[in-house]
Amino acid sequence: MSTPSIDSIKSWAEEDRPREKMLLKGRSSLSDAELIAIILGSGSRDESAVSLAKRVLSIVDHNLYELGKLTLSDLMHFKGIGEAKAISIAAALEIGRRRSITAPQTKPIVTSSKEAYELIKSTIEDMAHEEMWIILLNKGNKLIKRQKMSSGGATATIVDVKMILKAVIESQAQSIILAHNHPSGSLSPSRADIEITNKIKEAVKFFDITLMDHLIVAEGGYYSFVDDGKL
């Protein structure tokens, strides 16, 4: 029976293992070698993934740019790196290269009911059943994301306030806009629409979150609680 290497990651304290370290402390806490070790997935009987990654980096003076120049054959010359691991390293470095030349996505700023409607109309206006969505915004009213909260029948959908609060807190939104569709084509809010609007308004207020508006969307148009003075 072989004796485990003293360099084996399994012998390390859990918080010092690359994957666990990322979970506990975040990705920025990992060294280049630890990040590459995660890509490798495993080392060999005599060497941990981290040790192998350090050995690879030493060849390029710990320069990731130079590492990206290595071919698959170059990588496979290292003991412990076969074709699959070489491809994994090359793919990860290629993703990094493409990310560096990709412009950040411009997020729209939402300051009116019309702008909110333009964001959501293509998603829900022609559906045959009701869906409730929320538009999550940051402090500057810039879009974080749109998220579906419920899906129902032709005339109603059940909205879980707790799920909305969970989505708001997890996204760290500062304000939200509700939006749901009326397959019937009616743009008039029902009593249930008014009640859930007020309920959510009070619920998010407790967390210093603003309910900016609630839109009812139907084919060809929308209704805004704010524009109608009901919010």
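The values are calculated or read from the model by the stated rules, or taken from the named source; none is laboratory data. From a predicted model like this one, the values you see are computed outputs, not experimental measurements. Note that each Cβ is placed from the backbone with ideal geometry, even for glycine, and that neighbours are counted across all protein chains shown.
Looking at MET132, MET163, which is the one that is assigned by TED's automatic domain parsing to the domain that holds VAL204 and in contact (Cβ under 8 Å) with a residue 40 or more places away in the chain? Steps first, answer last, please.
Numbers: MET163 fails: in contact (Cβ under 8 Å) with a residue 40 or more places away in the chain.
MET132 is the lone residue from the list that is assigned by TED's automatic domain parsing to the domain that holds VAL204 and in contact (Cβ under 8 Å) with a residue 40 or more places away in the chain.
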Considering only region 164-197, how many residues are over 29 Å from THR106 (Cβ atoms) and of a type outside the set (Ser, Thr, Tyr)?
11
Restricting region 37-71 to residues that are assigned to a helix (DSSP H, G or I) and either basic (Lys, Arg) or touching an Asp or Glu at 6+ places or on another chain (Cβ under 7 Å) (or both), which is nearest to SER100 (Cα to Cα)?
LEU64
Only one of LEU231, LEU215 is in contact with a Ser or Thr (Cβ under 9 Å, 6 or more places away or on another chain), buried (at least 16 other Cβ atoms within 10 Å of the Cβ), outside the structural domain of TRP133 (by TED's automatic domain parsing) and of a type in the set (A, V, I, L, M), namely LEU231
Return the only residue of THR111, THR106 being closer than 30 Å to HIS182 by Cβ, out of contact with any Leu (no Cβ under 8 Å at 6 or more places or on another chain), loosely packed, with under 15 Cβ neighbours inside 10 Å and of a type outside the set (A, V, I, L, M).
THR111
Just name the residue that is farthest from the chain's Cα centre (by Cα) out of those in region 189-209 that are buried (at least 16 other Cβ atoms within 10 Å of the Cβ) and not in a loop (DSSP other than H, G, I, E, B).
ASP193
Could you go through region 144-165 and let me know if any residue there is loosely packed, with under 13 Cβ neighbours inside 10 Å, at pLDDT 90 or above and part of a helix (DSSP H, G or I).
yes
Somewhere in region 172-188, is a residue touching a Leu at 6+ places or on another chain (Cβ under 7 Å) and loosely packed, with under 15 Cβ neighbours inside 10 Å?
no
If we keep only residues of region 17-36 that are within 20 Å of ARG98 (Cβ to Cβ) and not basic (Lys, Arg), then the residue surrounded by the fewest Cβ atoms within 10 Å (Cβ to Cβ) is ASP32
